[in-house]
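Heads up, the thing below is written out as structure tokens.
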Amino acid sequence: MNEQEKEINLKRLIYKALRNWRVAAVAGIVGALAVGGTKCAMEMTKIFDPGVIEERQTEYLGELALYQQKGELIRKDIDKAETSIAQQEEYNEKSILMKIDPYNEWRGSIDFYVETDYKIIPELSYQNQNIASQIVYVYNTYITNGELYQYIIDRLENKTEIRYLREVLGASIDAQNFLIHFNVRNVSEEAARELLTLVEEGMRAKQAEILQSIGEYKLLTTNSSAYSQINYELEQEQKDNLQEVEDLKISLTTKQFEQLEWKRGEKNIKEPIISKLDAVKEGIKTAILTGVVIGFLIVLFYGVRYLFSKLVQDREEFDSWGCFVAELPRSYKKRIFRWVDRIISRWFLGNVKADEYEVRLASATKQIGETAKLSYTSPEPVLALAGDLPKEELEALAAAMQKFKAVSGVRFVAAGNPLLEVSAIDTILQADGIVLAAKQEYTRKESVYQIKEQLHELKKPLAAVVLTGADALM
């Protein structure tokens, strides 16, 4: 068979699917009423069923517990975020480190050396103990337990807390060499030197107590200095702390929105008691869903049927034949909601109108006749109408074309179906040209291609194709 694949016309496909919208609507309504009514009746029976009531009560309590648990977790997350924001903002506000300009950071250092009168006497087998290491450990405890820091805070001009002071004042111990090293960081040279001075005062204040408890020693001071520098690491640390606040605020806002959604979710927890109104609502929802699904499936069915149909669906079937194709619109019965049909046809069809049957028949007859006069040598060309249409329809079409012919000397006759009737072949052999008559959604594609091949074998030219019953604008 010479049937060729053709591209799918999307607008035509949609029209074919929607054209039978009444079937989809009626089936959808019937299905909706049946399924929705059944659902409503089933829900009604549950109102007084003890087993259903108990089951719903259990489900309700479980859902409510989960809902409350989720709300508690969200509340804890919000409290945690608010606390973290407050702590971070307090740190950024009070921290000395956050106030230092990283491009002008002042640093200072001071070293303390513990000196005693300890000497090794070679001729003695027993040597006195060197108390310097004990003194260094006492100073180490004095520093690490915060006593020195508190001494300094009590005398600072700008008061602060130990946790902030520890960030800018650090100490290290070299017990073997009896050295204690301090380093400071601050916003200005004056502030750095103030810390160094208070460190020395605090160390001297401790010296009197150690003299009484351990013994004589000297606390020597070395390498006391202050200088400024650029500190890119400090700059990044400050940026990270500020960004941390922003990130926490974003997290808090997210949790607050989540809490709002959680509060709205309380409406979705169904009460364990089923009312008649609830049963009706369930029935209506089920009915709507069922109606939509059934309607969609029927529309889909008509669309698929169009795609895989073995019948001639439109004039595009003959576009590759290389001859004139005339479309004669079908007639439509008056039905309710015809305005819906009108809208669908205007959106998805071409310019063929249902009330133009006679105008199009006359125009097609004239064009076919003029072509025949030019193509055939016979003084009175005979054009035979062949196709698988019922005999009476074919004869009526031939009579109508004979009536509307605008070119003298051209005659139209009905031949019949050459695939089934021998008389049709005789008529075709006596004719000068052939007009193939087909009917949309009636004529089989296989039939028109077989007739075309038969005409080729009989060496009879195909003058035109007339497609009746074509879709048209309403």
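Exactly one residue out of Phe296, Phe301, Phe318, Phe337 is under 30 Å from Ala464 (Cβ atoms) and either at pLDDT 85 or above or under 42 Å from the mean Cα position of the chain (by Cα) (or both), and it is Phe318. The single condition among (1) without any contact (Cβ under 8 Å) to a residue 60 or more places away in the chain; (2) open to solvent by 20 Å² or more (accessible area, probe 1.4 Å); (3) more than 30 Å from Leu307 (Cβ to Cβ); (4) not small (Gly, Ala, Ser) that Pro461 does not satisfy is (1). So which residues in the range 424-463 are part of a loop (DSSP other than H, G, I, E, B) and either over 22 Å from Leu328 (Cβ atoms) or in contact with a Gly (Cβ under 6 Å, 6 or more places away or on another chain) (or both)? Result: Asp432, Gln440, Leu458, Lys459, Lys460, Pro461. Among the residues of the range 81-98, the one identified as surrounded by fewer than 16 Cβ atoms within 10 Å (Cβ to Cβ), over 24 Å from Lys255 (Cα atoms) and touching a residue at least 60 places away in the same chain (Cβ under 8 Å) is Lys94. Would you confirm whether or not the range 140-153 contains a residue that is under 14 Å from Gly108 (Cβ atoms) and over 55 Å from the mean Cα position of the chain (by Cα)? Scanning the range 140-153, I find at least one residue that is under 14 Å from Gly108 (Cβ atoms) and over 55 Å from the mean Cα position of the chain (by Cα), so the answer is yes. The requirement of being part of a loop (DSSP other than H, G, I, E, B) and closer than 16 Å to Cys323 by Cα is fulfilled somewhere in the range 372-383, by at least one residue. Scanning the range 243-262 for residues that are in contact (Cβ under 8 Å) with a residue 40 or more places away in the chain and aromatic (Phe, Trp, Tyr) gives a single hit, Trp262. The set of residues from the range 341-371 being hydrophobic (A, V, I, L, M, F, W, C) and modelled with pLDDT of 75 or more comprises Ile343, Trp347, Val359, Leu361, Ala362, Ala364, Ile368. Identification of strands (runs of 3 or more DSSP E) wholly contained in the range 159-229 with 1 or more residues that are over 26 Å from Pro102 (Cα atoms) and open to solvent by less than 20 Å² (accessible area, probe 1.4 Å) yields 179-186, 218-229. Checked against the criterion of being touching a helix residue (DSSP H, G or I) at 6+ places or on another chain (Cβ under 7 Å), of a type in the set (Val, Ile, Thr) and surrounded by fewer than 22 Cβ atoms within 10 Å (Cβ to Cβ), the candidates Val466, Val435, Val413 yield just one match: Val413. Can you find, within the range 166-195, the residue that is nearest to Leu234 (Cα to Cα) among those that are touching a Gly at 6+ places or on another chain (Cβ under 9 Å) and among the hydrophobic types (A, V, I, L, M, F, W, C)? Ranking the candidates gives Val184 first.
Contact map, the range 275-286: residues that are in a helix (DSSP H, G or I) paired with residues that are hydrophobic (A, V, I, L, M, F, W, C) and surrounded by 16 or more Cβ atoms within 10 Å (Cβ to Cβ), Cβ distance under 7 Å, separation 6+ or inter-chain. Pairs shown: Lys276/Met44; Ala279/Cys40; Ala279/Met44; Val280/Cys40; Glu282/Cys40; Gly283/Cys40; Thr286/Val35.
The values are calculated or read from the model by the stated rules, or taken from the named source; none is laboratory data. These figures come from a predicted structure and were not determined experimentally. In this analysis, Cβ positions are derived from the backbone assuming ideal geometry, glycine residues included, and neighbour counts consider all displayed protein chains. All accessible areas refer to the heavy atoms of the entire protein, side chains included, with ligands and DNA or RNA removed. Shrake-Rupley method; radii C 1.70, N 1.55, O 1.52, S 1.80 Å.
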